[in-house]
Amino acid sequence: MRTHFKAALAGAGLFALAACGGDADDRAAENVEAAAEARADNLEDQADMAPNETMEDALEQQADNVEDAGEAKAEAIDDADDARMENSR
């Protein structure tokens with residue numbers, strides 16, 4: 001009885017895994033973008049507390065660069081998945 005239960009449980013797990021499709025890369029792209037945005041937000045907060053305008057501008061530019069890089073990396077992750085999907089057809 002236990003063997004049948006284990007087999008049924010394993011089959012259900014594989015079925016659930018197959019049903020989820022390629023969402024892992026979408027979640028990865030979202031996580032990369034969210035992490036970059038959080039880092040950019042921290043840099044902007046530091047810019048708000050900067051002792052002078054030059055430092056404030058530098059921190060804001062760094063925040064923009066971090067956010068742009070995060071968006072580019074997330075897009076690359078999505079594009080890589082799209083290319084795999086196109087090649088598998």
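List of remarks:
- Number of the condition not met by PRO51 [criteria: (1) surrounded by fewer than 12 Cβ atoms within 10 Å (Cβ to Cβ); (2) modelled with pLDDT of 95 or more; (3) in a helix (DSSP H, G or I)]: (3)
- Taking (1) in contact with a Gly (Cβ under 8 Å, 6 or more places away or on another chain); (2) modelled with pLDDT under 95; (3) not polar (S, T, N, Q) in turn, ASP23 satisfies each apart from (1).
- Residues in the range 54-89 that are surrounded by 13 or more Cβ atoms within 10 Å (Cβ to Cβ), among the basic types (Lys, Arg) and either outside any helix (DSSP H, G or I) or at pLDDT below 95 (or both): 0 in all.
The values are calculated or read from the model by the stated rules, or taken from the named source; none is laboratory data. Because the structure is a prediction, the values reported are computed rather than measured. So basically every Cβ, Gly included, is an ideal-geometry build from the backbone, and we count neighbours across all protein chains shown.
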